[in-house]
Amino acid sequence: MLSPGLIGGLTACMLTIFLPQTVQSRDAASAAKKKEVKPEMNVEVKPFGEIPEGQKVDLYTLTNSGGLKAEIMTYGAIVVSLQVPDRGGKTDDIVLGYGNLTDYLANNPYFGAIVGRYGNRIGKGKFALDGVEYSLAANNGENHLHGGIKGFDKVVWKAEPIKHRDGVGVKLMYLSKDGEEGYPGSLNCTVTYTLTGRNELKIEYLATTDKPTVVNLTHHGYFNLTGCQRDIMGHELMLNADLFTPVDAGLIPTGELRPVRGTVMDFARPTPIGARIDPDAVNRDEQLKFGGGYDHNWVLNGGGRSLTLAARVYEPTTGRVMEVLTTEPGIQFYCGNFLDGTITGKNGFVYKHRYGFCLETQHYPDSPNKPGFPSTVLRPGEKYQTTTIYRFSTRKAARLR
Ligand code: GLA
């Protein structure tokens, strides 16, 4: 006897064979359309050139079903592009960067990179650990910035694609040798980028060491939610922080945690980035003067324990919203003060003053010299493990009255 399932199967098969051509192609067309609207999660890899020392660089392309597409290369673990839909479904690349490896090698102000071994500054490039003094490169005035002369943004990472229930991604691995850029201990790092089904770019950091050292890894993406059409002054920013770490003229924290309330640093309520940053404000406010605009670390409310909302950015003309969630205790909000129109990036876009902003989740700058700040020391047997998520959505336009 034939089972009902088998009969059903045979009927379907016969239908496929005997249906008139037009019906079949209409079916095929609608299937293709469906596929176009909801593409599968996918990860692909292709060559992206090689560095002068001969190491080959690959480019991983991640796509999800929500219209997001990220290109990530193994040099610097750099997010080269990030396509995100606006409120009308139109997709644009919302990160700054270049279209080819050569330009990244020539001049990269950390566009899209993973920064390490210590993201942000260490005062005078010196710190002591267990009674031993370490000296690092002074590559930012008298201070040490973003891991030194050849930080994690300038090395080629090993990589492998990943695909699991949560999404698709790329796992990047780098072994920073004992003494590299002056830091003690061999540091084994893994950074995993995942494009999830919830329209998130998730970054998971993992590191272990064989000697006591300091670690502070971050992602240095420059975002412009207009798709780089104009500067970022009209983006509305909310920072979930009641305190920030004031700095000296070299952008090294003084050690104080200062309330933001009543100052230009207050982003507790969504506020356009440019609302209080006119040249007068910059000249009047000592903190803005030091940074040439915003370039400070905010102390996240409830940060440093579990994954917490750190920031939300809304761009009114396109409706794009980006939320940043992190397990880190701080976030550096830098608004592209050093961009000055001398860099031409992807698709011929000229990156003028404040054409991109960074939200770098982190431990506070100069923590190795600030006993009152959360510690950045990592010891053998311990695991450095942090997560940051950049989550994308859209919002409808506000109604005009
Ligand atoms: C960080 C720093 C800034 C600047 C940029 C790179 O965000 O805090 O001062 O160095 O990186 O240009």
Surface share of carbon and sulfur [accessible, 1.4 angstrom probe, percent] for segment 227-349: 50
Distance histogram for segment 70-149 (every C-alpha pair counted, 10 angstrom bins, percent rounded to whole numbers): 17, 34, 26, 16, 6, 1
Whether segment 239-325 is rounded, prolate or oblate, judged on the alpha carbon gyration tensor where a/c under 1.5 counts as rounded: oblate
Overall Cα dimensions of segment 182-272, principal axis frame, Å, largest first: 45, 40, 22
Kirkwood hydrodynamic radius of the chain, Cα pairs, Å: 22.6
Sequence-separation-based contact order of segment 54-131, relative, with Cα cut under 8 Å and 6+ spacing, percent: 19
Within the accessible area of segment 43-132 (1.4 Å probe), percent carbon and sulfur: 50
Protein-only accessible surface order, largest first, of GLU360, GLU180, GLU204 at 1.4 Å: GLU204, GLU180, GLU360
Over 29 Å (Cα to Cα) - which of LYS158/LYS383; LYS171/LYS370; LYS90/LYS150; LYS56/LYS150; LYS56/LYS352; LYS46/LYS211 fall in this group: LYS171/LYS370; LYS90/LYS150; LYS56/LYS352; LYS46/LYS211
Helix 21-37 axis, angle to the chain major axis (alpha carbon atoms, nearest 10°): 10
Average accessible area per residue (Å²) across segment 151-263 - probe 1.4 Å, nucleic acids and ligands excluded: 36
Length-normalised contact order of segment 313-365 in % [C-alpha pairs under 8 Å, at least 6 apart]: 38
Accessible area in square angstrom per residue, segment 319-365, 1.4 angstrom probe: 27
The chain, relative contact order [Cα under 8 Å, separation at least 6], %: 15
Choice from TYR222, TYR75, TYR174 with maximal GNM fluctuation in the chain (Cα, 10 Å cutoff): TYR174
For segment 268-384: Kirkwood Rh in Å [reciprocal of mean 1/r, alpha carbons]: 16.4
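The values are calculated or read from the model by the stated rules, or taken from the named source; none is laboratory data. Bear in mind the structure is a predicted one, so any value in this text is a computation, not a measurement. Just so you know, the surface numbers come from the protein's heavy atoms only, side chains and all, with ligands and any DNA or RNA stripped out. Shrake-Rupley method; radii C 1.70, N 1.55, O 1.52, S 1.80 Å.
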